[in-house]
Amino acid sequence: IRNCDWSSDVCSSDLSGNVAEFGHRVIGLRGGGQVSLRDSLTAFVNLNYEERRYGNPDILNNPASLTSFFPFARKDTEYGVRMGVNYQFAGNWSLSPSVSYTDNQSNVTVSGYRRAIFLTTLRYEFR
């Protein structure tokens, strides 16, 4: 179940009311832009920031709030960037190579990571 307040980009997920590691609150910001370099070539960039807080165990006042995985709240902070070009090379065909980088920092060591993805998309538009 996902509840979102789209005006402030705040969402919370809760798959079970008494299992805190399944629920989290999210706040984030995404933005991007593109610029036409030639008639058939466009460059783009997207940036994102997201902060997620999982659970809020209060073990001293409520022992039942202890999650099965971690006896503390988890917090992740994620930064990302994606950039690439879109090349329209023949009629409805386009090729779009891009690179993205994500850095997810967490107070739980196994949840932190850095990832780089190189991707090329071949697309046909039915118009």
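With viscosity 1.567 mPa s and temperature 4 °C, the Kirkwood radius over alpha carbon pairs of the range 73-125 converts through Stokes-Einstein to a diffusion coefficient of 99 µm²/s. Sorting the segments 113-125, 25-37 by their residues' average number of neighbouring beta-carbon atoms within 10 angstrom, most packed first, yields 25-37, 113-125. Couplings for the range 98-109, taken from phi via the Karplus curve 6.51 cos²θ - 1.76 cosθ + 1.60 with θ = phi - 60°, read 8, 10, 10, 10, 10, 10, 10, 9, 9, 7, 10, 3 Hz in order; Gly and Pro are left as x.
Every read-out reported here was derived from the displayed coordinates using simple, explicitly stated rules and does not represent laboratory data. Quick caveat: nothing in here was measured; it's all calculated off a predicted structure. So basically every Cβ, Gly included, is an ideal-geometry build from the backbone, and we count neighbours across all protein chains shown.
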